[in-house]
Every structure is written in C-alpha cells, then in structure tokens.
Amino acid sequence: MNRTSLSIVTGGNLAALSLGRYTAVRWSTRRRDLMWLSRFTLAFIMLLAGCASGYKDFYRPTQGLTAEALAARRSSPPPATPVVERAQPGNGRELLDGYAKRGYIVIGQSMFNSGRRESDDAAVRQGIAVGADLVVILNPRYTGSFTSSVPVTTPTTSTSYSSGTATAFGPGGPVTAYGSGTTTTYGSTTSYVPVTVHRSDYGALYFVKQRVGLGIQYRDLNDAERQELQTNKGVVVRLVVDGSPAFDADVLVGDVLTAIDGIPISGVRACTQLLAERHGKLVSLSIVRRGQRMEKAIQLNP
C-alpha cells in the first residue's frame with residue numbers, strides 16, 4: 001500500500017521538468033514483531049499450564065466402594081475442607097497400612113505424569129469434590145525433560161519515507177516543487193521458539209475416617225500356618241486400628257482368630273459376615289497366639 005503527498009510552492013507554465021535528488025529513509029517495526037513473539041510465547045506457556053487439573057482428570061475411585069457403602073462406613077459427614085498431608089511415593093501397601101492404623105480407608109486416587117506444575121490446591125479441590133476427610137499429596141518425582149521447537153509466524157511491516165524537489169523552466173522563469181511520499185509494505189516472518197518441558201509423576205490419595213466395629217484387618221491362612229495349626233479354619237490379624245475395641249483388648253498383629261462366639265471362621269468372608277451380624281454386641285473371640293489358645297470378650301462398636 002502506497003501513500004504519496006506532493007505540494008507545489010510556486011506556479012507557472014511548465015516547459016521542461018528536471019527532477020532533483022530524492023532521499024529515502026526505511027525502518028522496520030521490529031518492536032512489533034517482538035511483541036507478537038512474546039505474546040505467543042506467553043500464550044503457549046499458558047496453554048501448557050492450562051486450567052484443567054490432573055488430579056481431577058485422572059481420579060479413580062476405589063473399585064467396589066459405592067456411595068451407599070461409603071456413607072455407611074464413614075464416621076462423620078465430610079468436612080468443608082479436608083486435612084492435607086504429604087508423603088513420599090514408594091511402597092503403596094505400607095503407606096495405606098499406616099493410614100489404616102489411624103482408622104482411614106482410601107476412597108480413590110489420582111496418579112499421572114505431567115509436564116506442567118500441578119498445584120496442591122487442585123488436589124484439595126478434588127478431595128472436596130469426592131467428600132474426602134484427608135488428602136495425602138505425594139511429592140512430585142521428576143521423570144525427565146524434552147525440548148522441541150515451535151514455529152511462530154508473526155506479521156511484519158516496513159515503511160519508507162521519501163522527499164525531494166523538482167524544478168521546471170518556462171517563459172515565466174523556473175518553478176520549484178517540493179514533494180514527500182510514504183510507502184508501507186506488509187509481510188510476515190517465521191521464527192522458531194525452543195520450548196523445554198520438564199515432566200514429573202504426581203499423585204494424591206483420598207481417605208475418609210471409617211467407623212470400625214472390631215478394628216482389625218485380616219487375611220486367610222497360608223499353607224504353612226494351616227500345617228502348624230492343623231486346621232484350615234481361621235484368619236490372621238495383619239493390622240489393628242489404633243483406639244479400636246481390638247486395640248483396647250490387646251489383640252495383636254499375628255494373632256489367629258479361629259472362632260467368633262464359638263462359630264469356626266472358615267476364612268476372610270466368613271469372618272467379615274460374622275462381625276457384621278454382631279455390630280454393637282459383646283462377642284467372644286477365640287485366638288491362637290504363638291501356639292497358646294485364649295478367649296477375649298470384646299464389645300464391638302455399633
């Protein structure tokens with residue numbers, strides 16, 4: 001696009017025209033190009049950061065734990081804001097057992113790898129959404145980086161300014177004209193912006209405080225234990241919840257429960273059913289501890 005202006009200083013009849021020397025000044029709007037480039041880079045970084053949350057997108061509830069079952073097991077309604085704790089990623093079973101001893105059960109988890117920084121607030125918001133009493137955020141673990149180049153095309157402009165004089169000679173004498181002109185050229189340029197993304201593993205576990213009847217976790221007997229006890233009946237205590245009826249009655253990890261109220265325990269499922277039928281009642285537990293048999297009377301929580 002060209003824009004030219006010309007002004008005549010003095011008049012007369014032109015017989016001949018001789019053009020004088022023109023001077024031109026050119027400049028490029030480099031500053032505008034840099035502005036476009038910086039805007040694009042900022043937009044790209046914001047795109048990487050995004051407004052979505054990996055803690056929400058990759059949340060997985062505990063399999064088989066329905067909303068009805070959760071409502072029946074939790075000790076109190078969910079708080080407005082869950083308690084937040086941090087932990088190192090590692091042995092998942094050991095971590096879950098540590099919280100189970102405190103009376104918590106896991107209701108879901110978020111595990112993912114991301115190239116953007118994930119805020120703790122996003123994990124807390126997800127905890128609120130699922131009704132968690134406790135959110136355990138795992139410390140991020142760096143997994144590597146990669147660098148790529150992103151092509152960025154930005155508009156460019158180049159403007160030329162011209163000025164000069166022209167003299168005409170005629171019967172009335174010389175006539176001098178002064179003129180100036182502006183020429184603007186529009187185009188584009190492509191730059192390559194290097195972008196390095198640092199990736200890390202992120203994770204969070206969501207817990208609720210449960211109501212416990214007896215307050216133990218147990219497993220089936222293995223073959224060696226069956227040989228030692230000379231029976232297939234019984235379950236082994238693998239965890240005791242702090243402050244529970246079992247804890248107060250000194251039931252210990254490693255104890256073998258063989259019967260409840262004189263009814264033999266055939267396995268984990270049978271033990272769970274027998275205890276569920278006796279919520280809030282006084283029960284008699286038959287226990288084998290290091291070869292010694294004993295009976296314990298325990299009042300279960302309702």
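The values are calculated or read from the model by the stated rules, or taken from the named source; none is laboratory data. Values in this document were obtained by computation on a predicted structure and should not be read as measured data. As a convention, Cβ positions derive from the backbone with ideal geometry for all residues, glycine included, and neighbour counts pool all protein chains shown.
For the reader, a short list of remarks on this structure follows.
- In the range 210-237, the residues that are under 30 Å from Ala67 (Cβ atoms) and free of Cβ contacts under 8 Å to residues at least 24 places away in the same chain: Val237
- Flag if Ser158 is surrounded by fewer than 15 Cβ atoms within 10 Å (Cβ to Cβ) and either without any contact (Cβ under 8 Å) to a residue 40 or more places away in the chain or more than 22 Å from Val208 (Cα to Cα) (or both): yes
- Number of the exception - Thr189 against (1) surrounded by 16 or more Cβ atoms within 10 Å (Cβ to Cβ); (2) in contact with an Asp or Glu (Cβ under 7 Å, 6 or more places away or on another chain): (1)
- Top-ranked residue of the range 201-252 - restricted to ones that are of a type in the set (Ser, Thr, Tyr) and buried (at least 19 other Cβ atoms within 10 Å of the Cβ), ranked as farthest from Met294 (Cα to Cα): Tyr202
- Scanning the range 256-290 for residues that are without any contact (Cβ under 8 Å) to a residue 12 or more places away in the chain and of a type outside the set (D, E, K, R) yields Ile263, Ala270, Thr272, Gln273.
- Members of the range 254-302 found to be among the small types (Gly, Ala, Ser) and assigned to a loop (DSSP other than H, G, I, E, B), listed by number: Gly254, Gly262, Ser266, Gly267, Gly280, Gly291
- Per this entry, Ser28 is not counted among residues that are assigned by TED's automatic domain parsing to the domain that holds Arg117, surrounded by 12 or more Cβ atoms within 10 Å (Cβ to Cβ), modelled with pLDDT of 55 or more and not acidic (Asp, Glu).
- Filter result (within 19 Å of Gln299 (Cα to Cα), touching a helix residue (DSSP H, G or I) at 6+ places or on another chain (Cβ under 9 Å) and of a type outside the set (A, V, I, L, M, F, W, C)) within the range 230-254: Asp242
Condition check ((1) hydroxyl-bearing (Ser, Thr, Tyr); (2) surrounded by 13 or more Cβ atoms within 10 Å (Cβ to Cβ); (3) under 18 Å from Ala204 (Cα atoms); (4) at pLDDT below 95) across all residues:
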position: Arg86; (1), (2), (3), (4): no, no, yes, no
position: Gly98; (1), (2), (3), (4): no, yes, yes, no
position: Gln109; (1), (2), (3), (4): no, yes, yes, no
position: Gly115; (1), (2), (3), (4): no, yes, yes, yes
position: Ala122; (1), (2), (3), (4): no, yes, yes, no
position: Gln126; (1), (2), (3), (4): no, yes, yes, no
position: Thr153; (1), (2), (3), (4): yes, no, no, yes
